[in-house]
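Take a look at the structure set out below.
The values are calculated or read from the model by the stated rules, or taken from the named source; none is laboratory data. Every value quoted in this text rests on a predicted model; they were computed, and no experiment measured them. Neighbour counts run over all protein chains shown; Cβ positions are idealised from the backbone, glycine included.
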Amino acid sequence: VKHYSITLLPGDGIGPEVISVAKNALQLIGSLEAIEFSFKEMPVGGSALDLVGVPLPKETLSAAQESDAVLLGAIGGYKWDNNEKHLKPETGLLQLREGLKVFANLRPATVLPQLVDASTLKKEVAEGVDLMVVRELTGGIYFGKPRGFSTNENGEEIGYNTEVYAAYEIDRIARIAFETARKRRGKLCSVDKANVLEASMLWRRRVCEIATDYPDIELSHMYVDNAAMQLVRNPKQFDTIVTNNIFGDILSDEASMITGSIGMLPSASLGESGPGLFEPIHGSAPDIAGQDKANPLATVLSASMLLRYALGEEKAAKRIEDAVLDALNRGYRTGDIHSTGYTLVGCKEMGEEVLKSIDGKVHAA
Ligand code: NAD
Ligand code: IPM
Ligand code: MN
C-alpha cells in the first residue's frame, strides 16, 4: 500500500463544500487502488483570519510544505473585502503560492462532449476545444515592487503596482510551457502586451530565446487584447497558451466559459520541487455559498490532477476523470451547467453520483 499525506485547505464560501466532495473521491479511489491518504485539514483565507487573525497561519504553510500535495477549495468573501491588504484572504493565497514556490499554474480548458450545450458559445465554436493555459503564478504585478498607496504632487491619493519580470522567471515558465506543448499538439502561443509594456518586451525576447531549444514546437505570439477576442472568436486555434500572472488569471476565467462553466475548471500549480498546489480556478462564490449549489467537479478534477502531477498515480487520476464523465453521461447537472432534459442536483448529490461512478456500481443508462 502506498501512502501519501495531503493537506486540505477548504477555505471560505463554497470551498468547504467542494473540498468535502473531492476528499470523498480521493478516499474512495484510494481504497480501490491500494493508496492510503492521510489528510490534514488546515485553515486558510477568511476562515484563518477569523480563527487566528492572519490569512495564512505559519502552521498551515508548514503543514503544506511537509505534505506530498495540497488541495485547496477557495478563499475570500464579502466579510473580509474591506480588510487591509495584509489581512485579506487573497493575501493568504498569494503567500501560500509564494511559500510553496509554485510558479507554474496549469489551467486546462476542455469542452467535454457532454457539456457542449452548456457553453454560451455556438456548438460549432465550442465543440472540440482543448487548450491549456500555462500561467506564471509567483511574479508579475501580483508581487512586483514598488507597490502601495501614496499621494501625488497634487496631494491626491494614489495606488500603484509594478509589473516586473526577471529573465529567469520568464525562462522557467517558458520551459514548462514548451514541455507542456510537446506533450500536447505541439503548438504554443505566448500572450503578452509587448507593444506597450517593457516587462512584456522582455517576456517576448526570452520566450524566443528559449524557443531555440524547442525547434519541434510551433511558437506564435499574440497581444492579450487580441487573445481575449480570439478565445471567443475561434478557440480551437489554441493548443497551449503561456502568459504572465494577471493575463493568465483573466484569460483562464474567459476560457472556462467556453467549456460551459467556471465550476468545471481545475488547476495544478507546480514548482521546481516540493509539493504542488491543486485548486479549482473559481473563487469562493459567496453568492451561492452554503446553499449546496456549487459545482464540485472543478475540485474533483483538481484532485485528479493532484494524483497525476504530484503523485504519479495516473490510473487513479484517469478513474476520477472517467467518473466525472460517467456522472455527466448519466445526466446529472449542477445549476451552472443545467438545462432541460437533465437532472438538476446540488453539490452533495453530484458528489454522491461521482462516487457511484468511481465505484463502477452504475452504468450509463
Ligand atoms: P467566483 O469565481 O467566486 O464567482 C464568480 C461567479 O461564478 C459567481 O456567480 C459564482 O456563483 C460562480 N461560480 C464560481 N464557482 C462556481 C462553482 N463551483 N459552481 C457554480 N458556480 C460557481 O469569483 P468572484 O465572485 O469574483 O469572487 C468571489 C470571492 O472569491 C472573492 O473574494 C475573490 O477574491 C475570491 N476568489 C478566490 C479564488 C481562489 O480561492 N483561488 C479565485 C477567484 C476568486
Ligand atoms: C485565482 C484567483 C486569485 C488570483 C486571487 C483570489 C488572488 O483569482 O486563483 O484565479 O488572482 O490568482
Ligand atoms: Mn482568478
### Message
Any residue that is in a strand (DSSP E or B) and of a type in the set (A, V, I, L, M, F, W, C) - is there at least one of those in the stretch 15-37?
### Response
yes
### Task
List every residue pair whose Cβ atoms lie under 6 Å apart, where the two residues are 6 or more positions apart in sequence or sit on different chains, the first residue falls within the stretch 315-344 and is among the aromatic types (F, W, Y), and the second residue, located anywhere, is surrounded by fewer than 19 Cβ atoms within 10 Å (Cβ to Cβ).
Y332/T343; Y342/G331
### Summary
So, first residue over 15 Å from L93 (Cβ atoms) and free of Cβ contacts under 8 Å to residues at least 24 places away in the same chain in the stretch 134-148, second residue part of a strand (DSSP E or B) and within 16 Å of ligand 1 (Cβ to nearest atom), Cβ within less than 9 Å, six or more apart or across chains; the pairs are none
### Whichever residue in the stretch 275-333 is among the charged types (D, E, K, R) and under 25 Å from T60 (Cβ atoms) and, among such residues, is farthest from ligand 1 (Cβ to nearest atom)
E313
### Summary
In the set S38, S47, S31, S5, the lone residue that is of a type outside the set (A, V, I, L, M), under 23 Å from L355 (Cα atoms) and out of contact with any Ser or Thr (no Cβ under 9 Å at 6 or more places or on another chain) is S31
#### Entry: Within the stretch 79-91, considering residues that are out of contact with any strand residue (DSSP E or B) (no Cβ under 9 Å at 6 or more places or on another chain) and either at positive phi or part of a helix (DSSP H, G or I) (or both), the one farthest from ligand 1 (Cβ to nearest atom)
H86
### Task
Out of the residues in the stretch 72-131 that are within 22 Å of the chain's Cα centre (by Cα) and among the basic types (K, R), state the one that is surrounded by the fewest Cβ atoms within 10 Å (Cβ to Cβ).
K101
### Message
Going through E17, E90 one at a time, which residue ends up being touching a Cys at 6+ places or on another chain (Cβ under 6 Å) and not aromatic (F, W, Y)?
### Response
E17
### Task
Sort through V129, V164 and tell me the only one that's β-branched (V, I, T) and closer than 14 Å to N244 by Cβ.
V164
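Pull up the stretch 60-78, narrow it to residues that are outside any strand (DSSP E or B) and β-branched (V, I, T), then point me to the one that is nearest to ligand 2 (Cβ to nearest atom).
I75
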### Query
Scanning for something at pLDDT 95 or above, in a helix (DSSP H, G or I) and in contact with a Gly (Cβ under 9 Å, 6 or more places away or on another chain), does the stretch 186-203 turn up at least one residue?
yes
### Task
Grab the strands (runs of 3 or more DSSP E) fully contained in the stretch 217-298, keeping just those with 1 or more residues being modelled with pLDDT of 95 or more and buried (at least 24 other Cβ atoms within 10 Å of the Cβ).
240-243, 268-270, 276-278
### Task
Tell me which of these A316 doesn't satisfy, since it passes every other one: (1) out of contact with any Pro (no Cβ under 7 Å at 6 or more places or on another chain); (2) aliphatic (A, V, I, L, M); (3) within 16 Å of ligand 2 (Cβ to nearest atom).
(3)
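This table checks each residue for (1) in contact with a strand residue (DSSP E or B) (Cβ under 9 Å, 6 or more places away or on another chain); (2) within 16 Å of ligand 2 (Cβ to nearest atom).
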| site | (1), (2) |
| --- | --- |
| K236 | yes, no |
| S256 | yes, yes |
| S269 | yes, yes |
| D292 | no, no |
| T299 | yes, yes |
## Note on the structure
Note on L96: of the conditions (1) under 26 Å from M132 (Cβ atoms); (2) hydrophobic (A, V, I, L, M, F, W, C); (3) touching a strand residue (DSSP E or B) at 6+ places or on another chain (Cβ under 6 Å), unmet is (3)
